[in-house]
């Protein structure tokens, strides 16, 4: 006569969060040393946690060789689930932190490079003066990387150009700012407000490298002005400072947002600036958060405080 099976016998044991965290890190890096460094765990402890997870689940998750680490087919599937679990745990911790006290703990703010140097002084002054218990951590990255970080919980709030048109992201508009034409000093650009957009059809335009949203905005403005699609842009730069220096060297003209104008053009006496006819081309800057974020009310209050702090800048606040 067969013996009765004990309830739960043969089922995988429930893994611990530390085991899932260790495996998720290894699955991302496919390297034990890099994974251990990321989560602050020793390599032996990390290896032990992954082995314990394999024992608990009853499947082999990794294929270990002397040269590299590979995910097994089961490992691929479990890795996706592990990331989902860790993101959910992060949301849980965020919810608890937000419920405990607003404007405390860590706030991971992502900022695009064409905003960071010009707005961060105002942001930091606001945080230090009004929210002294807030641990602000700033990450400067391009838009695509910021949105990925927001979606996966690596970042909490973004400061960037909109509209984004991304599902699951809520925008909190801050201000609109005009673009200004910057040219070598020998160019005559007319008086303030004298430049028609059509002037952009023939000028040698210098742009940022691909991946910067400001590059796409400048190209959109040129297309609206009637510049031929695919008109040659022979030179590009990784940042606005380099771009302006190329202009000062006589290589062409460029478009700068008003908030960057004083900082970037003040470094050279070989530049002149011109302003467009109304309505001038412009961009909108906003905070962006995950839709339904646990700290939504906190972020909305922060956006309103930031609008007030930004009023002295040459921008049009969006209330």
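Coordinate-derived values only; no laboratory data. Computed from a predicted structure; not experimentally measured. Neighbour counts run over all protein chains shown; Cβ positions are idealised from the backbone, glycine included.
Measuring how big region 97-162 is from its alpha-carbon positions, Rg and Dmax come out at 12.1, 35 Å.
DSSP assigns beta bridges within the chain; of those with both partners inside it, close to 65 percent run antiparallel. Relative to the longest principal axis of the chain, what angle (0 to 90°, nearest 10) does the C-alpha long axis of helix 213-224 take? Helix 213-224 sits at roughly 40 degrees to that axis. The packing ranking of peptides 236-246, 18-28, highest mean first, is 18-28, 236-246, where packing means the average number of other beta carbon atoms within 10 angstrom of each residue. Semi-axes of the equivalent ellipsoid for the chain, computed as √(5λ) from the eigenvalues of its C-alpha gyration tensor and ordered from largest down, come to 50, 24, 17 Å.
Between the Cα long axis of helix 43-57 and the first principal axis of the chain there is an angle of about 60°, rounded to the nearest 10.
Computed from Cα atoms, the angle from the helix 17-29 axis to the main principal axis of the chain rounds to 50 degrees. Normalised by 2.2 N^0.38 Å, where N is the number of residues, the C-alpha radius of gyration of region 17-90 stands at 0.98. Measuring between their Cα centroids, region 119-174 and region 59-99 lie 26 Å from each other. Rg and Dmax of region 201-319, both derived from C-alpha coordinates alone, stand at 17.0, 50 Å. Rounded to the nearest 5, what % of the DSSP beta bridges within region 42-145 are antiparallel ones? Rounded to the nearest five, the antiparallel share is 30 percent.
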